[in-house]
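Notes follow once the structure below has been shown.
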Amino acid sequence: MSMFMFVNFTGTSPSEQMTLADYMEPVQWLNGIFFVLHSTVGLAAPYHHHFLAPPIWMHFNKDSLIALGIYVALFVVATIIRLIFKHRRAQ
């Protein structure tokens, strides 16, 4: 994502550049998709029989709370940034 931001800031005119709020939309989508996958089926390595991250519901302990907190924090921060920029554009 940082590479896209670099190209956006160096390769386009200021009127066509994306704002931070525009970058937060994919973060929200990816965070939501991975949260659902991690919560239900886990994240497994292809062609292997072990989990990179087991489903959250299988091992509900301190690590699961940390993972849930990270998902919630990323989603909330991205949403707040998008709302602030949207409100600034409206004014």
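Any chance you could count how many residues in region 55-82 are surrounded by fewer than 12 Cβ atoms within 10 Å (Cβ to Cβ) and of a type in the set (D, E, K, R)?
Adding up the residues that qualify gives 1.
What are the residues in region 15-72 that are β-branched (Val, Ile, Thr) and farther than 30 Å from PHE85 by Cα, if any?
Residues satisfying the conditions are THR40, VAL41, ILE56.
Could you please give the count of residues in region 36-91 that are farther than 30 Å from THR19 by Cα and either outside any helix (DSSP H, G or I) or touching a Cys at 6+ places or on another chain (Cβ under 6 Å) (or both)?
Total meeting the criteria: 21.
Report whether or not ARG82 is at pLDDT 80 or above and under 17 Å from the mean Cα position of the chain (by Cα).
Yes: the conditions hold for ARG82.
Going by the conditions given, is LEU68 modelled with pLDDT of 80 or more and of a type in the set (A, V, I, L, M, F, W, C)?
So LEU68 fits the description; yes.
The values are calculated or read from the model by the stated rules, or taken from the named source; none is laboratory data. Being a predicted model, the structure only gives us computed values, none of them experimental. No Cβ is skipped: glycine too gets one built from the backbone with ideal geometry, and neighbour counts run over all protein chains shown.
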